Amino acid sequence: MKFPDLFDRFISYVKIDTRSEHDSKSFPSTAVQFNLAHKLVIELNEIGLTGVNVNEYGYVSALLTTNQKKKMPVIALIAHMDTSPDVSGRGVRPVVHYDYDGADISVNHELKLAVKDNPILKEKKGKTIITTDGTTLLGADDKAGIAEIMSALNFLVKNPEYPRPDIRVLFTPDEEIGRGTDKITIEEIGADYGYTVDGGNLGEIEDETFCADSVDINIRGINVHPGYAKGKMINAIKIAARIIETLPKDTGAPENSDNRDGYIHPNQLHAGVEEAQIQFLIRDFEEDALYERERLISEIVDKVKDEYRGAEISMAVKESYRNMKQVLDDHPVVIEKAEQAIMEAGLTPVRKGIRGGTDGARLSFMGLPTPNLFTGGNNVHSRLEWIALEDMEKAAEVILRLMKGWTE
Ligand SMILES: [Zn+2]
């Protein structure tokens, strides 16, 4: 399938700076996200959707009504407009490499996209590769997802015979700072099932996320003038160091785990002689294993308490989010339809777990089962981000076949 509008849409979206910002108190976190939101409103109207709207928080929504007579579920297609605050997204100048020859790609005079570091490149010979000029990220995360949804919608309107359910479109702000679903309700989305189009390589469906908690440790020591501290001082800094030092070293940390391994991650440390706080992030795909890691911290705390009598050490666990598979397992049809669409597009479905959370995970627990579909994007949040145009076309094709699948 060809999507003649896809390339231009994608290039025009990535040129708009939509970086979100962690420290911002406003919603959306940056006003620039409205620049893309307003452009999408114009284009959704041009394509011919109804109920096109951007609200005060920057959420863009629209409806494409079904062309079927029978009753069927309403499906939401979701992508995020912001780009990661980690890398500059201002003045993105995409570079197009036509008929890719399979060799390393010089992004600029100092940055190289090497095949040995990016083995997926080997599969892309002959394709149209889009990179940055090496000074910014590309923003395929997630403007590829937006462009793919837009081109699929354009196709559906131009081909009114092609079967489709009621489709709710939602473009969200602030996903990269974890607030993408903060100002939206399931009622507003108005769908039975959803798909975020925000994933990676061809054929991937992400139906799992970490289970995530944070653990705050508060340490109260005893401060005395160091000249006269003998037998009196209990240094909270040393207690904090002792707790961290006692953690397992060769496993169970972000720096030595991948795939389905979880971890304990000391994320913040504030320490003085009198008081210290440690924040740990705990991650695991299985909830039991998550609790096991928390028990380990609790044991370490007890042990260190014994070593430093007179100090107070408390521990508080806060839930962050849970593996969306817990929800998706109750609605197997959502994944089945996606796998079927991917196979019909001539690809092999690859189920993957996300070593993080997603808007889809939050939406799933809010009541809208929402796995994540591939966009074709690679090396996200990086100046070496890249995507192949033909992979984006495949993603748009999968969206179409998926919509058709829901009418069957
Ligand atoms: Zn994303």
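The values are calculated or read from the model by the stated rules, or taken from the named source; none is laboratory data. The structure presented is a predicted model; accordingly, all values stated were derived computationally and were not measured. Ideal geometry is used to build each Cβ from the backbone, glycine not excepted, and the neighbour counts take in all protein chains shown.
The requirement of being in contact with a His (Cβ under 8 Å, 6 or more places away or on another chain) and under 25 Å from A31 (Cα atoms) is fulfilled somewhere in region 124-137, by at least one residue. Could you list, in sequence order, the residues of region 1-60 that are more than 23 Å from L153 (Cβ to Cβ) and of a type in the set (K, R)? Once the filter is applied, which keeps residues that are more than 23 Å from L153 (Cβ to Cβ) and of a type in the set (K, R), region 1-60 yields R19, K25. With respect to the conditions (1) farther than 23 Å from E43 by Cα; (2) out of contact with any Lys or Arg (no Cβ under 8 Å at 6 or more places or on another chain), I149 lacks only one, and its number is (1). Checking each residue in region 159-203 for being closer than 15 Å to G58 by Cβ, acidic (D, E) and away from the ligand (no atom under 12 Å from the Cβ) picks out D182, E188. Total residues in region 56-69 satisfying the condition of being surrounded by fewer than 16 Cβ atoms within 10 Å (Cβ to Cβ), in contact (Cβ under 8 Å) with a residue 24 or more places away in the chain and not β-branched (V, I, T): the figure is 2. The set of residues from region 132-158 being closer than 23 Å to P85 by Cβ, surrounded by fewer than 24 Cβ atoms within 10 Å (Cβ to Cβ) and more than 20 Å from the chain's Cα centre (by Cα) comprises D133, G134, T135.
Within region 209-232, the set of residues being of a type outside the set (F, W, Y) and within 16 Å of the ligand (Cβ to nearest atom) comprises just one member, T209.
Looking across region 242-277, the residues that are closer than 28 Å to M324 by Cα and either small (G, A, S) or assigned to a strand (DSSP E or B) (or both) come down to G252, A253, S257, G262, Y263, I264, H265, P266, N267, Q268. Hey, any hits in region 91-99 for a residue that's among the aromatic types (F, W, Y) and touching a Phe, Trp or Tyr at 6+ places or on another chain (Cβ under 8 Å)? Looking through region 91-99, none of the residues is among the aromatic types (F, W, Y) and touching a Phe, Trp or Tyr at 6+ places or on another chain (Cβ under 8 Å). Looking across region 3-34, the residues that are among the aliphatic types (A, V, I, L, M), crowded, with 17+ Cβ neighbours inside 10 Å and closer than 23 Å to E56 by Cα come down to V14, I16, V32.
Scanning region 130-144 for residues that are touching a helix residue (DSSP H, G or I) at 6+ places or on another chain (Cβ under 8 Å) and within 13 Å of the ligand (Cβ to nearest atom) gives L138, G139, A140, K143, A144. Could you check region 92-111 and list, in sequence order, the residues that are under 16 Å from R383 (Cα atoms) and not in a strand (DSSP E or B)? Hits for region 92-111 are V92, R93, P94, D104, V107, N108, H109, E110, L111. In region 343-357, the condition of being part of a helix (DSSP H, G or I) and buried (at least 24 other Cβ atoms within 10 Å of the Cβ) is met by no residue. Restricted to region 80-107, and to residues that are of a type in the set (A, V, I, L, M, F, W, C), modelled with pLDDT of 95 or more and surrounded by 13 or more Cβ atoms within 10 Å (Cβ to Cβ), which residue is nearest to the ligand (Cβ to nearest atom)? Selected residue: M81.
Okay, residues lined up against (1) closer than 28 Å to R179 by Cβ; (2) modelled with pLDDT of 95 or more; (3) in the same structural domain as N259 (by TED's automatic domain parsing); (4) in contact with a strand residue (DSSP E or B) (Cβ under 6 Å, 6 or more places away or on another chain):
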residue: L290; (1), (2), (3), (4): yes, yes, yes, yes
residue: I313; (1), (2), (3), (4): no, yes, yes, yes
residue: H331; (1), (2), (3), (4): yes, yes, no, no
residue: K337; (1), (2), (3), (4): no, yes, no, no
residue: I342; (1), (2), (3), (4): no, yes, no, no
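On the stretch given as region 187-237, residues that are over 25 Å from the mean Cα position of the chain (by Cα) and surrounded by fewer than 20 Cβ atoms within 10 Å (Cβ to Cβ) total 15. If you filter region 108-129 down to residues that are in contact with an Asp or Glu (Cβ under 9 Å, 6 or more places away or on another chain) and of a type in the set (V, I, T), you find that the one that is nearest to the ligand (Cβ to nearest atom) is T128.
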